[in-house]
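Enquirer: Quick one: the structure is below, questions incoming.
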């Protein structure tokens, strides 16, 4: 990571780790997001990730509490659109998992070159730099 990163795309699994305190991934995923926010790196997700997160948070925290989590999330993360063009790009890719393909297409459409995920195999065909939260943290520790 020689050049300064201004924005990173966060895969759904990393966000779920933080919002549900999912072990053993919570600490690294939270540290990644905390570092990015302190360094003024824009954290980005796709609109379909936001709806998936809403569904999971409602199941995890209940109907009354989940909206507070969504409000907080919305205030800290940039939500990228999923358009017809995004879907067309995803459909034309060689990804095995379509959801991963949509995430990748959303990142590429927004000129994001760093994608953070724990599913490195799922993004093997991405032209983005795809790293885990732990890998990201180890690279910044070397600076």
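Enquirer: Rounded to the nearest 0.05, what FRET efficiency is calculated for residue 26 and residue 71 with R0 set to 22 Å and r the Cβ-Cβ distance? Please list the in-between numbers first.
Expert: Working: r = 21 Å, r/R0 = 0.95.
So the FRET efficiency works out to roughly 0.60.
Enquirer: Among (i) 22, 20, 14; (ii) 33, 16, 12; (iii) 45, 17, 14, which is the computed semi-axes √(5λ) of the Cα gyration tensor in Å?
Expert: Checking each listed value against the structure points to (i).
Enquirer: Here's something else I'd like to know. If you find the alpha carbon centre of the stretch 103-143 and of the stretch 2-35, how far apart are they in angstrom?
Expert: 11
Enquirer: Continuing with the same structure: Express the relative contact order of the chain as a whole percentage, based on alpha carbon pairs under 8 Å and six or more residues apart in sequence.
Expert: Rounded, it is 28 percent for the chain.
Enquirer: Hey, with R₀ at 41 Å, roughly what FRET efficiency would residue 127 and residue 63 work out to, going by the Cβ-Cβ distance, to 0.05? Please report the intermediate quantities before stating the final value.
Expert: Numbers: r = 40 Å, r/R0 = 0.98.
Between residue 127 and residue 63 the formula returns 0.55.
Enquirer: Go ahead and set up a Gaussian network model of the chain, Cα springs under 10 Å, then flag whichever of 24, 133, 81 fluctuates most.
Expert: 24
Since every read-out is calculated from the coordinates, none of them should be taken as a lab result. These numbers were taken from a predicted model, which means no experiment stands behind them. Don't worry about glycine lacking a Cβ; one is built from the backbone with ideal geometry, like all the others, and counts go over all protein chains shown.
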